[in-house]
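Student: Supplied in structure tokens, the structure appears directly below.
Values quoted throughout were computed directly from the atomic coordinates according to the rules given, and no laboratory measurement underlies them. On a predicted model such as this, the values are computed, not experimentally measured, just so you know. Cβ: placed from backbone, ideal geometry, glycine included. Neighbour counts: every protein chain shown.
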Amino acid sequence: GNSVTQTEGPVTLSEEAFLTINCTYTATGYPSLFWYVQYPGEGLQLLLKATKADDKGSNKGFEATYRKETTSFHLEKGSVQVSDSAVYFCALIPLSYNTDKLIFGTGTRLQVFP
Amino acid sequence: EAGVVQSPRYKIIEKKQPVAFWCNPISGHNTLYWYLQNLGQGPELLIRYENEEAVDDSQLPKDRFSAERLKGVDSTLKIQPAELGDSAVYLCASSQGLAGNEQYFGPGTRLTVT
């Protein structure tokens, strides 16, 4: 079946530290891959996405590259800020006719301290 | 542009009571989703509508859960009767047009069943 596994949180960093949140997936074919972010008290927001192998998604200083050979989509940021504190979800949409069902990982809470 | 609106934001009920959640999607979005998010987990799809038609309700526990999207705009999700295990956050999302378009999430309704 289709599933997503990501770094178990919380991840605690000091401001300006380098961030990596690991995400690996199991899926048939080539799914589309996403990172969503949930800030405290807010709804899920799309952070970035990639729809085919070797694509790099980027937004707000965050990046993730679709690696087919390792079935991974790790999230990185070179220098985190306190405002990046949130819960990050890796997700996929399977390659299947007429479906856009998002399948999420369990989420990783990031805490950034000054 | 207004985002996805959900109400209520919080609801506390006793077990065996009925409860209903309401969602107003972004104007022009023909696809509407209801997701269930248990504490510490990623969201899981309950039901997806294309206009007023439920095209994927395979994950909806139909013995106690029901949903409707009359006129293809607003949607209501109902639980009757509620059980302790239904305590969770219920998320509504909407998207426009073709599969794979970005899903925009509302802030969710946090349900507590006592």
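Student: What FRET efficiency comes out for B:LEU84 versus A:THR28 if R0 is 30 angstrom and r is the Cβ-Cβ distance? Round to the nearest 0.05.
Tutor: That gives a FRET efficiency of 0.25.
Student: Tell me the label-point distance for the pair B:GLN59, B:THR76, using the 7 Å Cα-to-Cβ offset, in nm and rounded to one decimal.
Tutor: Spacing of the two 7 Å Cα→Cβ label points: 2.4 nm.
Student: If you place +1 on the Cβ of every Lys and Arg and -1 on the Cβ of every Asp and Glu, how big does the dipole about the Cα centre of the protein assembly as shown come out, in debye to the nearest 20?
Tutor: The calculated dipole for the protein assembly as shown is roughly 320 debye.
Student: Please give me, ordered by residue number, the trypsin sites (Lys or Arg not before Pro) of the stretch A:25-114 that lie in loop per DSSP and have at most 13 other Cβ atoms within 10 Å. Mind showing how you got there, number by number?
Tutor: Numbers: sites: A:LYS49, A:LYS52, A:LYS56, A:LYS60, A:ARG67, A:LYS68, A:LYS77, A:LYS101, A:ARG109; in loops: A:LYS52, A:LYS60, A:LYS68, A:LYS101.
Here the trypsin sites (Lys or Arg not before Pro) that fit, given the DSSP loop and packing criteria, are A:LYS52, A:LYS60, A:LYS68.
Student: Another question about this same structure. May I ask you to list the lysines whose Cα is less than 16 Å away from that of A:LYS56, ignoring any residue fewer than eight positions away on the same chain?
Tutor: A:LYS68, A:LYS77
Student: Sticking with this structure for a sec: I'd like the distance between the alpha-carbon centres of the stretch B:7-55 and the stretch A:4-31, rounded to an integer number of Å.
Tutor: Cα centroid to Cα centroid, the span is 27 Å.
Student: If you build a Gaussian network model of chain A, linking Cα atoms that sit under 10 Å apart, which residue out of A:PHE18, A:PHE62, A:PHE34 swings the most?
Tutor: For chain A, modelled as a Gaussian network with Cα springs under 10 Å, the answer is A:PHE18.
Student: Within chain B, what is the number of lysine pairs with alpha carbons under 17 Å apart, leaving out pairs fewer than eight places apart on the same chain?
Tutor: 5
Student: Moving on. Classify chain A as rounded, prolate or oblate from the Cα gyration tensor: take a ≥ b ≥ c as the square roots of its eigenvalues, call it rounded if a/c is under 1.5, otherwise prolate when a/b beats b/c and oblate if not. Could the numbers behind the result be given before it?
Tutor: Values: a/c = 2.07, a/b = 1.73, b/c = 1.20.
Prolate, since a/c reaches 1.5 and a/b exceeds b/c.
Student: Related question: Run down the lysines and flag those whose C-alpha is under 16 Å from the C-alpha of A:LYS101, throwing out any fewer than 8 positions away in its chain.
Tutor: Within the straight-line limit of under 16 Å, A:LYS101 reaches these lysines: A:LYS49.
Student: Taking the dipole about the Cα centre of the protein assembly as shown, with the C-beta of Lys and Arg at +1 and of Asp and Glu at -1, give me whichever of A:VAL82, B:PHE21, A:LEU48 is farthest to the positive side.
Tutor: Value computed over the given set: B:PHE21.
Student: Same structure again: Roughly how big is the stretch B:1-96's charge dipole about its Cα centre, with Cβ charges of +1 (Lys, Arg) and -1 (Asp, Glu), in debye to the nearest 20?
Tutor: 340 debye
Student: Is the protein assembly as shown best put as rounded, prolate or oblate by its Cα gyration tensor, with a ≥ b ≥ c the root eigenvalues, rounded for a/c under 1.5, and otherwise prolate when a/b is larger than b/c, oblate when not? Working shown, then result.
Tutor: Working: a/c = 1.87, a/b = 1.42, b/c = 1.32.
Prolate, since a/c reaches 1.5 and a/b exceeds b/c.
Student: Tell me, what is the FRET efficiency for B:GLN41 and A:THR12 to the nearest 0.05, using R0 = 25 angstrom and their Cβ-Cβ distance as r? It would help to have the intermediate numbers written out before the result.
Tutor: Details: r = 21 Å, r/R0 = 0.84.
Efficiency at R0 = 25 Å is approximately 0.75.
Student: Using Cα springs under 10 Å in a Gaussian network model of chain A, which residue among A:GLU63, A:GLU16, A:GLU76 shows the largest mean-square fluctuation?
Tutor: A:GLU16
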